[in-house]
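Notes follow the structure.
The values are calculated or read from the model by the stated rules, or taken from the named source; none is laboratory data. These numbers were taken from a predicted model, which means no experiment stands behind them. Using ideal geometry, Cβ is built from the backbone for each residue, glycine included, and neighbour counts are taken over all protein chains shown. Please note that ligands, DNA and RNA were not included when accessible areas were found on the heavy atoms of the full protein model with its side chains. Shrake-Rupley method; radii C 1.70, N 1.55, O 1.52, S 1.80 Å.
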Amino acid sequence: QVQPVESGGGLVQPGGSLRLSCAVSGSIYSINAMAWYRQVSGKERELVATITLSGDTYYANSVKGRFTLSRDNAENTVYLQMNSLKSEDTAVYYCNLGGKWYGGTWWPTAFWGVGTQVTVSS
């Protein structure tokens, strides 16, 4: 069973930046899409951004203009560049393999990473 591995989380001051990585064993061309979610204790897991095999991207309104997705096919890795970080960005960030838009909603798969903690605090 394939499993993504997240890395790059940590503690950063408000206004700072972090770059998260989602590494996958094998070519990412074999996966139709990848998505980033985040979850705060006591709240539901929310969709942050998605990228398809064709390169189409989606960003939640809360992160649009601050977060950017990119791919490195040679390294089988998807990156989430996070700039101008705010305290409300504090969460555990998860990578999900696959997924698709259906009925106006992004449907994830069961292939989740274990997550990486991002803490934005002074």
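Listed by first and then second residue, the pairs linking a residue in the stretch 75-100 that is more than 14 Å from Ala35 (Cα to Cα) to a residue that is aromatic (Phe, Trp, Tyr) and part of a strand (DSSP E or B), with Cβ atoms under 8 Å apart and 6 or more places separating them unless they lie on different chains, are Met82/Phe67; Asn83/Phe67.
Selection over the stretch 81-122 of residues that are touching a Lys or Arg at 6+ places or on another chain (Cβ under 7 Å) and of a type in the set (Gly, Ala, Ser) gives a count of 2.
Across the stretch 77-90, the qualifying residues are those that are surrounded by fewer than 15 Cβ atoms within 10 Å (Cβ to Cβ) and not small (Gly, Ala, Ser), and the one among them that is nearest to Gly9 (Cα to Cα) is Gln81.
Would you list the strands (runs of 3 or more DSSP E) that sit entirely within the stretch 1-76 and hold 2 or more residues that are open to solvent by less than 60 Å² (accessible area, probe 1.4 Å)?
5-7, 10-12, 18-23, 33-39, 46-52, 67-72
Scanning the stretch 63-76 for residues that are within 11 Å of the chain's Cα centre (by Cα) and over 26 Å from Gly15 (Cβ atoms) yields a count of 0.
Filtering the stretch 91-122 down to residues that are hydroxyl-bearing (Ser, Thr, Tyr) and surrounded by 18 or more Cβ atoms within 10 Å (Cβ to Cβ), which residue is farthest from Glu44 (Cα to Cα)?
Thr116
Note down all Cβ pairs under 7 Å where the first residue falls in the stretch 104-115 and is within 14 Å of Ser21 (Cα to Cα) and in contact (Cβ under 8 Å) with a residue 60 or more places away in the chain, the second is surrounded by 11 or more Cβ atoms within 10 Å (Cβ to Cβ) and of a type in the set (Ser, Thr, Tyr), and they're at least six residues apart or on different chains. As it stands, the answer is Trp112/Tyr94; Gly113/Tyr94; Gly115/Tyr93; Gly115/Tyr94, since those pairs meet every condition given.
Within the stretch 1-23, residues that are touching a residue at least 60 places away in the same chain (Cβ under 8 Å) have Cβ atoms under 6 Å from residues that are of a type in the set (Asp, Glu) in these pairs: Cys22/Glu6, counting only partners at least 6 apart in sequence or on another chain.
Has the stretch 81-88 got any residue that is outside any strand (DSSP E or B), in contact with a Leu (Cβ under 9 Å, 6 or more places away or on another chain) and polar (S, T, N, Q)? Looking for residues that are outside any strand (DSSP E or B), in contact with a Leu (Cβ under 9 Å, 6 or more places away or on another chain) and polar (S, T, N, Q), one finds at least one in the stretch 81-88, hence yes. Considering the conditions (1) over 21 Å from Gln117 (Cβ atoms); (2) touching a residue at least 24 places away in the same chain (Cβ under 8 Å); (3) of a type in the set (S, T, N, Q), Thr52 is excluded by exactly one of them, (2).
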